[in-house]
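Coordinate-derived values only; no laboratory data. Fair warning: this is a prediction, and the values are worked out from it, not measured in the lab. A quick note on method: Cβ atoms are made from the backbone with ideal geometry, for glycine too, and the neighbour counts reach across all protein chains shown.
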Amino acid sequence: MTEEELKEEVIKAIKEVYDPEIPVNVYELGLIYDIKIFPVNNVYVLMTLTSPSCPSAESIPVEIEQKIKEIAEVSDVSVELTFDPPYSQDMMSEVAKLELGFM
């Protein structure tokens, strides 16, 4: 599996994770800022939450890590939370905006 194919698998796994309060996956919501694949298939994800006081602040990153670890080719996963830049609705994909009625 190439690095690009692995990244596609990681994105598919992330799309299985939902914010419990919003019926859209965290990828389409724009919560994922960066995905890097390092040598030996170590995956790094930089993400944010809809707000620092999000009730799911602890469960969402853990669920993302678990979903990525289910990919056979992945060696290790690191999920880092950041609030810089702060999340805004502009970060949502068109799919998410349509789903939530913003378009």
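What does the helix-only formula give at 222 nm for the chain: each DSSP H stretch with n ≥ 4 adding -39500 (n - 2.57), the total divided by the residues, and the result rounded to the nearest 500 deg cm²/dmol? -8500 deg cm²/dmol, from helical runs alone. With contacts taken as Cα pairs under 8 Å at a separation of at least 6 residues, the chain carries a relative contact order of 31 percent.
Comparing V24, V40, V79 in a Gaussian network model of the chain (Cα springs below 10 Å), the most mobile by mean-square fluctuation is V40. Annotation note: GluC sites (Glu not before Pro) in the chain located in DSSP loop regions with a Cβ neighbour count of at most 15 within 10 Å are E16, E21, E58, E70, E73. Here's how it looks for D19: its modeled amide H is under 5 Å from those of V24, V26, which are all 5 or more places away or on a different chain.
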